[in-house]
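Novice: Input: one structure, supplied below.
The values are calculated or read from the model by the stated rules, or taken from the named source; none is laboratory data. This structure is a prediction, so every number in the text was calculated from the model and none was measured. Cβ placement follows ideal geometry from the backbone for every residue including glycine, while neighbour counts extend to all protein chains displayed. What goes into the accessible areas is simple: the full protein's heavy atoms, side chains included, and nothing from ligands, DNA or RNA. Shrake-Rupley method; radii C 1.70, N 1.55, O 1.52, S 1.80 Å.
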Amino acid sequence: MTRNDRKQRLAASLALALGLCAGVAWPDRAAASQALAQKHACIACHQPAAKVVGPSWKEIGARYGDGKTSAAQLAASIKAGSSGKWGAMPMPPQGRVPDADLQSLAQWLIDGAP
């Protein structure tokens, strides 16, 4: 086996390992974010696929998942609250939610919140 063959095999093995790790990490991240949504009572107003008081996670992901809004911007919006973005019902400020949790939740929503 030549040196080039060994490099190609190593590169293929690394790509496979990274792909497997990414596939394993996503469900853990999704479960953690669902747990955060429950912990901070987001589920009182938001559900995965149905509008309740506020938009569904799916609707939020569709609006903000286009790359024009960063997770930091969405997290700041959640923290500050808003009015008129999704209709007449205002989003109350979520200032008691830790910034790290807001960032995780925002990224999860942008990623499509499975």
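Novice: May I ask you to verify whether K79 is of a type in the set (K, R), loosely packed, with under 15 Cβ neighbours inside 10 Å and at pLDDT 95 or above?
Specialist: Working: of a type in the set (K, R): yes; loosely packed, with under 15 Cβ neighbours inside 10 Å: no; at pLDDT 95 or above: yes.
In short, no.
Novice: Can you pull out the residues in the stretch 66-105 that are of a type in the set (S, T, N, Q) and either closer than 15 Å to C45 by Cβ or touching a His at 6+ places or on another chain (Cβ under 7 Å) (or both)? Quick ask: steps written out before the conclusion?
Specialist: Narrowing the stretch 66-105 to residues of a type in the set (S, T, N, Q): 69-70, 73, 77, 82-83, 94, 103-104.
Matches in the stretch 66-105: S77, S82, S83, Q94.
Novice: Residues being under 21 Å from A31 (Cβ atoms), touching a residue at least 24 places away in the same chain (Cβ under 8 Å), of a type outside the set (A, V, I, L, M, F, W, C) and open to solvent by less than 50 Å² (accessible area, probe 1.4 Å): count how many of those fall in the stretch 45-63.
Specialist: Qualifying residue count for the region: 1.
Novice: With respect to the numbered conditions (1) over 13 Å from the mean Cα position of the chain (by Cα); (2) open to solvent by less than 60 Å² (accessible area, probe 1.4 Å); (3) modelled with pLDDT of 95 or more; (4) farther than 22 Å from A31 by Cβ, which one is the sole condition not fulfilled by S70?
Specialist: The one condition S70 does not meet is (1).
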